[in-house]
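Peer 1: I'd like to ask some things about the structure below.
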Amino acid sequence: MMALAQTDPFRAISNFLSSPALKMAGEIILLFIVVVWLALVYWTYADASRRGALRLVWLVVAIVFPFVGTLVYLIVRPPEYVLDSRERELELAVLERELRSRVLLCPNCQAMVERDYLVCPECSWQLKKPCMRCERPLDLDWKICPYCGVNQNSGKIEY
């Protein structure tokens, strides 16, 4: 009868389940799950802050719904960081400014004209006048050609 008690599978399972090693392993696993959950809560809050989302709302969602809250946030979060968006907007503003400085518009009809056009091709508005000597385009109010130095009123070289 003694040998039967020692080989009883229920008693062996009961002894194994009540062993301190199993309790410690369970507590370590539980601690690991809690640490991962807290790390996900922190990551959700930090990422929502960087992306301009409602960080406090996502913090509460990640705390109240462990693991699932972070998964939902990953699905619906904004696609880019706020700083990346601002940087892109600044780059576009700089490019637009450069483009505006390179493009000239006719003062009469606002059509695009080149720097060396004498007349607007759209409305025939006089944009510049040709030099008397070298025939390069000059602004209408220039009295001396900067290219050849001829006075536009007298036709004499001034330099």
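The values are calculated or read from the model by the stated rules, or taken from the named source; none is laboratory data. Model, not experiment: these values are computed from the prediction. Neighbour counts run over all protein chains shown; Cβ positions are idealised from the backbone, glycine included. Only protein heavy atoms, including side chains, enter the accessible area calculation; ligands, DNA and RNA are left aside. Shrake-Rupley method; radii C 1.70, N 1.55, O 1.52, S 1.80 Å.
Peer 1: With N set to the residue count of the stretch 68-159, report its C-alpha Rg divided by 2.2 N^0.38 Å to two decimal places.
Peer 2: This ratio for the stretch 68-159 stands at 2.05.
Peer 1: Taking the Cα centre as origin and putting +1 on Lys and Arg beta-carbons and -1 on Asp and Glu beta-carbons, what dipole magnitude results for the chain, to the nearest 20 debye?
Peer 2: Rounded to the nearest 20 debye, it is 180 debye.
Peer 1: While we're looking at this one, here's another question. Most mobile of R136, R100, R55 per a Gaussian network model of the chain (Cα springs, under 10 Å)?
Peer 2: With Cα springs under 10 Å in the chain, the top fluctuation among R136, R100, R55 is at R136.
Peer 1: Let me ask something additional. How large are Rg and Dmax for the chain when calculated on the C-alpha trace, in angstrom?
Peer 2: 39.9, 136
Peer 1: Further question: Counting only protein heavy atoms and using a 1.4 Å probe, what share of the accessible area of the chain belongs to carbon plus sulfur, as a whole percent?
Peer 2: 64 percent
Peer 1: To continue, here is another question. Which of the listed residues, C131, V113, Q152, is farthest toward the dipole's positive end in the chain, when Lys, Arg count +1 and Asp, Glu count -1 at the beta-carbon?
Peer 2: Projecting each Cα onto the dipole axis, the largest value belongs to Q152.
Peer 1: For K143, give me every one of the lysines with a C-alpha distance below 19 angstrom, ignoring sequence neighbours fewer than eight places off in its own chain.
Peer 2: Cα-Cα hits under 19 Å: K128, K129, K156.
Peer 1: So for the stretch 23-118, taking the charge dipole from beta-carbon charges (+1 Lys/Arg, -1 Asp/Glu), which of A25, V64, S49 sits furthest toward the positive end?
Peer 2: Looking along the dipole axis, the top candidate is A25.
Peer 1: A further question on this structure: Mean Kyte-Doolittle hydropathy of -1.0 or higher plus an axial Cα length of 24 Å or more: which whole DSSP H helices in the chain meet both?
Peer 2: 20-51, 82-102
Peer 1: Using a 1.4 Å probe, what is the accessible area per residue for the chain, in Å²?
Peer 2: For the chain, the solvent-accessible area averages 80 Å² per residue.
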